[in-house]
Amino acid sequence: MVLEKIKTPDDIKHLSKNEIEILSNELRSFIIEKISKNGGHLASSLGVVELTIALYLSLDLSKDKIIWDVGHQSYAHKILSGRKDLFDDIRRYGGISGFPKRDESKYDAFNTGHSSTSISAGLGLAHARDLLSEKYTVVSVIGDGAMTGGLAFEALNNASSLNSNFIIILNDNNMSIGKNTGGLSYALSGFRASYSYLNAKKVTKSILNKIPLIGGGLVSLIVAIKNAVKQLFANEGMLFENLNIVYLGPINGHDIYEIKKMIERAKKIDRPVLIHVKTIKGKGYKFAEENPEKFHGVNPFNIEDGSPVVKQTKETYTKVFSEKLCQLAEKDKRIVAITAAMADGTGLNLFSKKFPDRFFDVGIAEEHATTFAAGLAVGGLIPVVAIYSSFLQRAYDQIIHDVALQNLHVVFAIDRAGLVGADGDTHQGNFDISYLSTIPNMTILAPKNKYELEDMLEFAINYNGPIAIRYPRGVCFDEYKDKEAKIELGKSELLVKGSGVAIFAIGSQISTASHVIEKIEKEYNKKFTLVNARFAKPIDYNMIDELCKDHDVIVTMEENVQNGGIGDKIAYYMQEKHSGKKCIKVSLPDNYVEHGDVSVLRKVLMIDSDSIIETFKKYKLV
């Protein structure tokens, strides 16, 4: 195998052209094999194999820097930089990350995981290089989907003032996670169409050069007026030229030596340069090419037919949210739905099919999604913004300034709240209770099971003000169906009446608390009280007062960092009002949580039922 020869980034430079071609095929086969077992971001990594090889042939990675936007496409880079033998444990606890990590390899120039950051980071590196009088090349690789993010536009605008080399590679596959939308997508469609122009130019040049005496002169004349021709046939390219960024392309993103030639040309230009490469997402694996959205991020699958190894048969919170929102929208035409390029992941694909005129995919632009929703609310509609917990962080100012300050009725459906698993620290949803609960006018709910999610969504639609529902990734908890008290603002729900110790849990931790109570009753013959908090804001302090009358200890449980969570607030309240009572906080640590299976992470972080019982033993509660 040619791939076996690659131990360091420089090894690729000693291969023949024939070996390079073999290498691209072996890389794809290797990625498909490993991700079929572990899951991961498949289609995006398959699409940049040739681009990655070209970068390695063109750069000296002992000093040059590559920044991969988002990082979904970085698997070939990880393999070629010496991490091939670590791929058996990619995305598993203790194994390598599915994203670039500076503490994992010196060849990962910048940590990524969220979209649209690479140009800003690359520009910062370029300026640092110049100010320190160092010599190296900086390359930021960004997808066309990530270019819809406002941060990318801000960086492009700022890059125009740089008077030294900085290379941006636009990986254009007409996809982000889902299909791209918006004006930039239309502009890039124009770039794609300009292939006909480029091919015509190539053929014309070849013919003219063969004409004796005058052929070369005619070619020079054409070169002299190329910008005018470009403006006529592919004027979208001037978008970057007008920002003082040299535009090169579009070129075939699967032609290694064409890309290499363009990179080497770009390295000689003392200005920011954008190289536009056209790739096929999922290239080399039929099922990923045919359905790149489905194979963007995958669980373990069968290579032969692309089918998942474990088929999802139980309902997920995402599915329950999706179906309930459609039911409510049938009755109320004011309900509209917004996604930031995640229609499938958030479950809004069903809404988009049923109510296409009331569905808005704004692209990877969470800040815009939030302020756009505020405008819709002012206009008399009821916007439901469905965004993953970790991505909603990007819109914090807009939530405060544009939604909450005006007390607008915007519903935030926060998917992937709490631990999400293999995507790791950039994607864990462990901060939303903390960052949202600081905001005046904001109301925060979290359901104990699928039935309560339906009730909470209906409550949120009928509410009047900013409101957020956080719910976890994965299969629904479906116990306590008989415990469905009407949802009232700021009111918790008594699920199990016991004595001595009361557990005050919220959201996904109701399931864990239920298991704790069952084990304690069975093994220690003690019955603890269990309360479903329901609201992270406002907290039901009246229930805390009631519990403190006949319980000595209150245990708070939440899948959120401790700092700013419900545990902190209840502990402070009890210190002020019930100083003789003890509050024990079970939460995620005030830190970033690495990648790994959720069940493994819960045990490591001591928020699983067995670990909580061990904590109870330490406090002599059992």
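The values are calculated or read from the model by the stated rules, or taken from the named source; none is laboratory data. None of the values given here were measured: they were computed from a predicted structure. Here the Cβ is made from the backbone with ideal geometry for all residues, glycine too, and neighbour counts use every protein chain on show.
Which residue is nearest to F391 (Cα to Cα), if the candidates are limited to the range 142-168 and must be hydroxyl-bearing (S, T, Y) and either surrounded by fewer than 22 Cβ atoms within 10 Å (Cβ to Cβ) or at pLDDT 95 or above (or both)?
Selected residue: S160.
List every residue pair whose Cβ atoms lie under 7 Å apart, where the two residues are 6 or more positions apart in sequence or sit on different chains, the first residue falls within the range 467-489 and is touching a residue at least 60 places away in the same chain (Cβ under 8 Å), and the second residue, located anywhere, is of a type in the set (S, T, Y).
Within 7 Å, the pairs are R470/S389; Y471/Y317; P472/Y317; P472/S508; G474/T316; V475/T316; C476/T316; C476/Y317.
Return the total of residues in the range 531-543 being without any contact (Cβ under 8 Å) to a residue 60 or more places away in the chain and surrounded by fewer than 24 Cβ atoms within 10 Å (Cβ to Cβ).
Count: 5.
Hey, can you tell me all the residues within the range 290-319 that are under 28 Å from L453 (Cβ atoms) and of a type in the set (S, T, Y)?
Hits for the range 290-319 are T313, T316, Y317, T318.
Could you tell me how many of the residues in the range 435-452 are crowded, with 19+ Cβ neighbours inside 10 Å, over 22 Å from I517 (Cβ atoms) and of a type outside the set (V, I, T)?
Residues that pass the stated criteria total 4.
What is the residue count in the range 268-297 for residues that are touching a strand residue (DSSP E or B) at 6+ places or on another chain (Cβ under 7 Å), surrounded by 15 or more Cβ atoms within 10 Å (Cβ to Cβ) and at pLDDT 95 or above?
10
Taking D397 as the residue in question, decide whether it is touching a Ser or Thr at 6+ places or on another chain (Cβ under 6 Å) and either at pLDDT 95 or above or over 20 Å from Y463 (Cβ atoms) (or both).
no
For the range 544-573, give me each residue that is in a helix (DSSP H, G or I) and in contact (Cβ under 8 Å) with a residue 40 or more places away in the chain.
Of everything in the range 544-573, those that are in a helix (DSSP H, G or I) and in contact (Cβ under 8 Å) with a residue 40 or more places away in the chain turn out to be I544, L547, D550, I566, K569, I570.
I need the helices (runs of 4 or more DSSP H) fully contained in the range 37-90, keeping only those with at least 3 residues that are more than 20 Å from S115 (Cα to Cα) and not hydrophobic (A, V, I, L, M, F, W, C).
Correct list: 49-58.
Can you tell me how many residues within the range 460-494 are assigned to a helix (DSSP H, G or I) and surrounded by fewer than 19 Cβ atoms within 10 Å (Cβ to Cβ)?
Summing the residues that are assigned to a helix (DSSP H, G or I) and surrounded by fewer than 19 Cβ atoms within 10 Å (Cβ to Cβ) in the range 460-494 gives 1.
Mind checking which pairs have a first residue in the range 364-385 that is assigned to a loop (DSSP other than H, G, I, E, B) and a second that is among the β-branched types (V, I, T) and surrounded by fewer than 23 Cβ atoms within 10 Å (Cβ to Cβ), Cβ under 6 Å, 6 or more apart or different chains?
Within 6 Å, the pairs are L381/V336.
Are any residues in the range 113-169 over 26 Å from the mean Cα position of the chain (by Cα) and of a type in the set (V, I, T), and if so, which ones?
T137 - this is the single residue of the range 113-169 that is over 26 Å from the mean Cα position of the chain (by Cα) and of a type in the set (V, I, T).
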